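This report concerns only the one structure given below.
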Amino acid sequence: MSEPIVDILGLRKVYNGKNSVTAVDGIDLHVPSGLIYGLLGPNGAGKTTTISIATTRAIPTAGSVRIAGIDVVAHPALARRSIGVVPQFNTLDRSCTVAENIYFHCRYFGLAKTEATARTAQLLDQFRLSDRAAAYPQALSGGLAQRLQIARAIAHRPRVLFLDEPSAGLDPQSRIAMWEAVQGLRGEGITVVLTTHYMEEADELCDRLAIIDHGKILIEDTPAALKASIGGDKIYDLRMCGVRDSGILERNLQTIEGVTRVEVIDGGLRVLARAKDGLLANVVTMANEFGLRDLTTTEPSLETVFIRLTGRDLRE
Amino acid sequence: MSTDVGKRSDVRWAIYSLAFFGLMQRDLRVLTREVVPFVIRVAMNPLLFLFVFTYVMPHMTGGSKGSPVANMAAAGGGGFGTILLPGLMAVAIMFSGIAAVALPLAQEFGVTREIDDRVMCPLPIGAVAIEKIFFSAIQSIIAAAVVFPLAYYIPSTPVLAHVSSWWFLITVLLLASLLAGALGLTIGTLVQPKQIGLIFGVVIVPITFLGCVYYPWAALKSIKWLQIGVLINPIVYISEGMRAALTPATGHMPESMILAMLLFFLALLTWIGLRGFARRVLS
């Protein structure tokens, strides 16, 4: 594999104060070029701190970050040429119009006047903002403001775009529009690193994911592989009337072909299985004799993966 | 490759200077759009001050003895207007620094975090703050230029202005304007955003009234402790500098001392301001 575009080694960040907080506790991350890479974890897991360090806005306590081969701590100003950032909050320049937000960003990065004007027009068109070019950012809806932030962040053609909780506060429709915009960046060769605590977003958008909690990476893989690690593509939760002979049922269920695992859950049993015709009927028939009251079918999600790794819900 | 780009210092400086001029251009665009509010902000205070103290009051008293203003005017030789001309220009210079740097910074650090995008320029963070000082200095010079005709023409008694050295005037004007920007940067980064409203009462009013704006420093000789005490106020050197450059007849501090102290405060406040700025934008 080629050299990773984002290369994080042994990263630590301790905020000293009355109660010193270790926000990032030894993170190693290697993001290959061209991917949409997700950092998934609950609030306070250390995602934003990691991104802040990678984007030169925080100084690490230990470890190093290289973006496109440039050490961001040693050469922050130069590293910024390879970095685009969309922070968690709306940081649009409120004294400038929508078009000027992009235009001046281009100028900061050394584009000549005509080049900056052309790039601005092209981005306004690409992000469907042309009709709002003369408006001020205050007049934009949350979704439009977010699109403008992304357009501005990639105006100087960075190698990597960092998106910090890009869909926080967006309505479902704007979120989908934002996903489309981000997926469109793949074609431009921009690597995207995003943080999120939304499973669906991580699942839908990311080529690879690192699940992060308490400043550490717990696991790193493709969303499909992470879900497959659960050990089945179907999850059947059986609710039983009482807990009669559940030990026998558990053993019996395991004999059904295609069942990979049976676990005891509150009020019944959970069956993990591979998708297979007739399997559900067999499970129901067998469980019925032991007093099956209700059954729910789900597919393994990143939420399941997270709960399995940490024992807690991602939204807690 | 991109790794090599920064290794050559000429390339690096080209990148930095383009970013710096980009920031200046952005500020210029915003300023030209707000030119009317800018002029009102700059002109209103000196306009009313001059109108009341050098036009209305002399007419009210008819120049009679016992009027404090008439006494001051007499003390000044060429009328109170002559004292006020450099003083009000100093206030305009100082206040432009506050309005151009401290107030926007308080908003950007506190509510909007707009500064984030400019901090992400390919430019060392300190240079982003230096740009703010530079652009504020331009505004201070314009403000001083707006105040001059007001202070010259409004007073009912003629103002005695005389420029003996243009070099000295330009040097003082540049140093004073940069100093005002550095003061704005220091205030904007040290004061908590939600307390920025307090700086008018706690900082601006005291440094103005005790800044030799409405009286020459030499006239404080009868109140020795005050004459010594005000020396820690940078506005004193802006006022006295303008006084020495424009109305030397009213008496002023030695010119070398003015320049040395302007430089000293410029260096000190720039240093404090840059440290504060870095602390605010980096965690």
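The values are calculated or read from the model by the stated rules, or taken from the named source; none is laboratory data. Please read these numbers as outputs of a predicted model, since none were measured by experiment. Cβ coordinates were reconstructed from backbone atoms using ideal geometry, including for glycine residues, and neighbour counts include every protein chain displayed.
Tabulated values for the structure
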{"quantity": "Conditions (1) crowded, with 24+ Cβ neighbours inside 10 Å; (2) free of Cβ contacts under 8 Å to residues at least 24 places away in the same chain; number of the one not met by residue B:170", "calculated": "(1)"}
{"quantity": "Residue identified as modelled with pLDDT under 85 and away from chain A (no Cβ under 14 Å) among B:155, B:149", "calculated": "B:155"}
{"quantity": "Yes/no for residue A:186 being buried (at least 21 other Cβ atoms within 10 Å of the Cβ) and assigned to a helix (DSSP H, G or I)", "calculated": "no"}
{"quantity": "Residue count for the stretch B:123-138, restricted to those that are surrounded by fewer than 24 Cβ atoms within 10 Å (Cβ to Cβ) and either not small (Gly, Ala, Ser) or not in a helix (DSSP H, G or I) (or both)", "calculated": "8"}
{"quantity": "Any hit, the stretch A:29-39, residues being among the small types (Gly, Ala, Ser) and surrounded by 22 or more Cβ atoms within 10 Å (Cβ to Cβ)", "calculated": "yes"}
{"quantity": "Among (1) of a type in the set (Val, Ile, Thr); (2) out of contact with any Leu (no Cβ under 6 Å at 6 or more places or on another chain); (3) crowded, with 22+ Cβ neighbours inside 10 Å - the single one residue A:73 does not satisfy", "calculated": "(3)"}
{"quantity": "Residue count, the stretch A:132-157 (criterion: outside any helix (DSSP H, G or I), surrounded by fewer than 23 Cβ atoms within 10 Å (Cβ to Cβ), small (Gly, Ala, Ser) and within 13 Å of chain B (Cβ to nearest Cβ))", "calculated": "1"}
{"quantity": "Scan of the stretch A:37-77 for residues that are in a loop (DSSP other than H, G, I, E, B), out of contact with any strand residue (DSSP E or B) (no Cβ under 6 Å at 6 or more places or on another chain) and at the interface with another protein chain (Cβ under 9 Å from one of its Cβ atoms), ordered by number", "calculated": "A:56, A:57, A:58, A:59, A:68, A:69, A:75"}
{"quantity": "Residue B:265 vs. criteria buried (at least 21 other Cβ atoms within 10 Å of the Cβ) and within 14 Å of chain A (Cβ to nearest Cβ)", "calculated": "no"}
{"quantity": "Residues being under 21 Å from the mean Cα position of the chain (by Cα) and either among the hydroxyl-bearing types (Ser, Thr, Tyr) or away from every other protein chain (no Cβ under 12 Å) (or both) - total across the stretch B:106-140", "calculated": "12"}
{"quantity": "Unmet criterion (only one of (1) under 15 Å from residue B:91 (Cβ atoms); (2) in contact with a Ser or Thr (Cβ under 6 Å, 6 or more places away or on another chain)) for residue B:159", "calculated": "(1)"}
{"quantity": "Hits in the stretch B:234-258 - residues which are part of a helix (DSSP H, G or I) and out of contact with any helix residue (DSSP H, G or I) (no Cβ under 7 Å at 6 or more places or on another chain)", "calculated": "B:248, B:249, B:256, B:257"}
{"quantity": "All positions within the stretch B:193-207 that are modelled with pLDDT of 85 or more and either touching a Phe, Trp or Tyr at 6+ places or on another chain (Cβ under 8 Å) or not in a helix (DSSP H, G or I) (or both)", "calculated": "B:204"}
{"quantity": "Residue match in the stretch B:112-133 (condition: out of contact with any Gly (no Cβ under 7 Å at 6 or more places or on another chain), in contact (Cβ under 8 Å) with a residue 12 or more places away in the chain and among the basic types (Lys, Arg))", "calculated": "yes"}
{"quantity": "Pair list, Cβ under 6 Å, 6 or more apart: the stretch B:3-15 residue facing chain A (nearest Cβ under 9 Å), other residue at pLDDT 60 or above and in a helix (DSSP H, G or I)", "calculated": "B:5/B:11; B:6/A:78; B:6/B:12"}
{"quantity": "Every residue from the stretch A:274-297 that is under 27 Å from the mean Cα position of the chain (by Cα) and modelled with pLDDT of 85 or more", "calculated": "A:297"}
{"quantity": "Unmet requirement for residue B:22, which otherwise passes all of (1) within 26 Å of residue B:194 (Cβ to Cβ); (2) buried (at least 20 other Cβ atoms within 10 Å of the Cβ); (3) within 14 Å of chain A (Cβ to nearest Cβ); (4) modelled with pLDDT of 85 or more", "calculated": "(1)"}
{"quantity": "Enumeration of residues in the stretch A:158-183 that are hydrophobic (A, V, I, L, M, F, W, C) and part of a loop (DSSP other than H, G, I, E, B)", "calculated": "A:168, A:170"}
{"quantity": "Residue in the stretch A:119-127 that is crowded, with 18+ Cβ neighbours inside 10 Å, in contact with a Leu (Cβ under 6 Å, 6 or more places away or on another chain) and of a type in the set (A, V, I, L, M, F, W, C) present", "calculated": "no"}
{"quantity": "Unique residue being within 14 Å of chain A (Cβ to nearest Cβ) and either more than 21 Å from the chain's Cα centre (by Cα) or at pLDDT below 95 (or both) when the list is B:256, B:283", "calculated": "B:283"}
{"quantity": "Extreme residue, farthest from the chain's Cα centre (by Cα), among residues of the stretch A:83-131 that are more than 8 Å from every other protein chain (Cβ to nearest Cβ) and acidic (Asp, Glu)", "calculated": "A:115"}
{"quantity": "Unique match (being farther than 22 Å from residue B:254 by Cβ and in contact (Cβ under 8 Å) with a residue 60 or more places away in the chain) among B:195, B:139", "calculated": "B:139"}
{"quantity": "Per-region count, the stretch A:221-265, residues of a type in the set (A, V, I, L, M) and assigned to a helix (DSSP H, G or I)", "calculated": "7"}
{"quantity": "Odd one out for residue A:237, checked against (1) within 30 Å of residue A:208 (Cα to Cα); (2) more than 38 Å from the chain's Cα centre (by Cα)", "calculated": "(2)"}
